[in-house]
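First comes the structure, then the notes that go with it.
The values are calculated or read from the model by the stated rules, or taken from the named source; none is laboratory data. Predicted model only: the values in this text are computed from it and were never measured. When we count neighbours, we look across all protein chains shown, and the Cβ atoms used for this are built from the backbone with ideal geometry, even at glycine. Ligands, DNA and RNA are stripped out before the accessible areas are found, and what is left, the full protein with its side chains, is counted by its heavy atoms. Shrake-Rupley method; radii C 1.70, N 1.55, O 1.52, S 1.80 Å.
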Protein chains: 2
Amino acid sequence: MNRNYKAVKKYSSVKCISSKPSEERIKEAARKVFLKKGFDGTTSRDIAEEADMNIALTNYYFRSKEKLFLEIFKDLLNLYFQNTIDILNKDIDFKSKIFETIDHTYEMVSNEPDLCNFIVNEVHRAPERLIPDLNFLRQIRRTKFGEQLKEEIEKGNVRPIGIENIVPMLCGYIQFIFLGKNMHMKIFETNEEQFDAYAKDHKERIKEMIVCYLYNH
Amino acid sequence: MNRNYKAVKKYSSVKCISSKPSEERIKEAARKVFLKKGFDGTTSRDIAEEADMNIALTNYYFRSKEKLFLEIFKDLLNLYFQNTIDILNKDIDFKSKIFETIDHTYEMVSNEPDLCNFIVNEVHRAPERLIPDLNFLRQIRRTKFGEQLKEEIEKGNVRPIGIENIVPMLCGYIQFIFLGKNMHMKIFETNEEQFDAYAKDHKERIKEMIVCYLYNH
DNA sequence: TATAGTTTTAAATGTTTGTTTAAATTATGT
DNA sequence: ACATAATTTAAACAAACATTTAAAACTATA
């Protein structure tokens, strides 16, 4: 008997294709459970149960819970950052880019409500997990948006401000609203629908506030 | 033998005084570990080790890990909200109150760097834990600051905005900066000292931004 | 259809988990 | 000093944990 066929990648990729559905099902289940419960709160059995598969398969395909987590984490880190970086590099004017970045962040956290909490918490608990993706993350420091910002400041249109201050404004402020969603709903006794309306309104306020701050100096 | 003397509170409080140091030591250790690792990431043995005490004592004094957590959680929820509520009820003018609230939030998260992440994450994972403290939390909806805001809006000084929109601006925006501290330090390759300077600068920007937004309409 | 390659399974591995036990120790009131 | 109450201890508990095993069940192909 030879275990870890898949894990050690001993055989041709052609053969592996046949295993794709199972491997994919585990990843999808793991993604779902990790997002909801975090690494510490998730057990291998949770994942197997969610995927409706034998417990041994998670280790057969991914060798360990940690390695499976790191694959999911990498994907989710991409989902969290990649589109934003792309928008910041787009060929549109400065102010539109501000609005689009805020809108995109709002859409992202609306569509994947646990993503923010997951990323923020897992990075906080174990920041060393970021190291393999550091080069990817550092892209945020060198975007077309950064050049545009510099231009606008030099022209005197926009007040002096660094990229490290403005990006959290575009991405973080609306994220915080969703990070504290449950808290907000309890305090203000609202349901999901009412919260969504509130968040949407708040998003527009953030846009106006940032523009107001940048252009009035 | 009679176990759970302390836990079931069968005997006079005079006797219990002698146990205070131990009970307190466990609470302090638990607070420290829970803050750092969260509920799921903390084991009873972590706490006992941190307190340098026998494992059985956590259950002797608090009956279960869950009950011990809920005591800590209650305290930390208070630390997270009480002072802010007090400031919002203070007898100072509207704009000073805005600045003081932001400054206080900044001090709070500086002094207890894990507090924000802890509250945000634990409430997200198990919002039902808030229920015993709901009345306390709802105080935020009825503060002197709310009345002052209404006045300022009626006078036409400040743009129309609800308490549910303005309080997250005062508390949440600076919190987000600290929630993503590790992420920020990795992306921008800064050390603790540099991050603190950045956060302090950003705090002042938030103040100016909010005032700019509220008073220019 | 025989065979080798691959996937899935039930069962077991040794740890670690939260919690409990009963005995040993310390403190208290008289 | 003594009896009783309270605290602390080492050891054990069953359950849950991540992971591994070896055999069984598939699948592809020659």
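Do you know which residues of segment B:176-200 lose at least 40 square angstrom of accessible area in the protein assembly compared with their chain on its own, with a 1.4 angstrom probe?
Relative to the lone chain, where solvent access is computed with a 1.4 Å probe, segment B:176-200 loses at least 40 Å² at B:PHE176, B:LEU179, B:ASN182, B:MET183, B:LYS186, B:ILE187, B:PHE188, B:GLU189, B:TYR198.
Normalising by the residue count of chain A, find the relative contact order in percent from Cα pairs under 8 Å and 6+ residues apart. Numbers along the way, then the final one.
Details: 159 pairs, mean separation 40.9, N = 217.
About 19 percent, as a whole number.
So how many Å³ per residue does the convex hull of the Cα atoms of the protein assembly as shown work out to? The partial results should precede the final answer.
Numbers: hull volume 82.7 nm³, N = 434.
Hull volume over Cα atoms, normalised by residue count, gives 191 Å³.
What ranking do A:128-137, B:55-64 get when scored by the average of other Cβ atoms within 10 Å per residue, highest first?
Values: A:128-137: 13.5, B:55-64: 17.2.
Highest-to-lowest ranking by the protection proxy: B:55-64, A:128-137.
Please give the Cα centre distance for segment B:72-139 versus segment A:74-133, rounded to the nearest Å.
26 Å
Mean Kyte-Doolittle of at least 0.0 and a Cα length of 18 Å or more along the axis: which whole DSSP H helices of chain A meet both? Numbers along the way, then the final one.
On the way: long enough: A:20-41 (27 Å, -1.09); A:65-88 (34 Å, 0.27); A:94-111 (26 Å, -0.48); A:163-179 (23 Å, 1.53); A:192-215 (34 Å, -0.83).
For chain A, where a helix must reach 18 Å along its axis and average at least 0.0, the hits are A:65-88, A:163-179.
Rounded to whole Å and ordered largest first, report the semi-axes of the equivalent ellipsoid of chain A derived from its Cα gyration tensor (root of 5λ). Kindly include the intermediate steps, with their values, before the conclusion.
Numbers: eigenvalues 306, 100, 35 Å².
With the √(5λ) rule applied to chain A, the semi-axes are 39, 22, 13 Å.
So which GluC sites (Glu not before Pro) in segment A:59-125 are both in a DSSP loop and have at most 15 other Cβ atoms within 10 Å of their Cβ? Kindly include the intermediate steps, with their values, before the conclusion.
Working: sites: A:GLU66, A:GLU71, A:GLU100, A:GLU107, A:GLU122; in loops: none.
Passing sites in segment A:59-125 do not exist.
Given the C-alpha atoms of segment A:126-182, compute the convex hull and give its volume per residue in Å³. If you can, show how the numbers build up before the last one.
Details: hull volume 5.8 nm³, N = 57.
Each residue corresponds to 102 Å³ of Cα convex hull volume.
Pull out a ≥ b ≥ c, the square roots of the eigenvalues of the alpha-carbon gyration tensor of segment B:116-217, then state rounded if a/c is under 1.5, prolate if not and a/b is larger than b/c, and oblate in the remaining case. Can you show the working numbers first?
Details: a/c = 3.32, a/b = 1.22, b/c = 2.73.
Cα axes put segment B:116-217 in the oblate bin.
Kindly provide log₁₀ I(q)/I(0) values, in the same order as q = 0.11, 0.17 Å⁻¹, from the Debye equation applied to equal alpha-carbon scatterers of segment A:14-133.
-0.45, -0.89
Which residues of segment A:107-133 show a drop of at least 10 Å² in accessible area when all protein chains are present, compared with their chain alone (probe radius 1.4 Å, heavy atoms only, ligands and nucleic acids excluded)?
A:ASP114, A:ASN117, A:VAL120, A:ASN121, A:VAL123, A:HIS124, A:ARG125, A:PRO127, A:LEU130, A:ILE131
Classify segment A:18-63 from the C-alpha gyration tensor, please: rounded if a/c falls under 1.5, else prolate or oblate depending on whether a/b exceeds b/c.
Details: a/c = 2.00, a/b = 1.65, b/c = 1.21.
Here segment A:18-63 falls in the prolate category.
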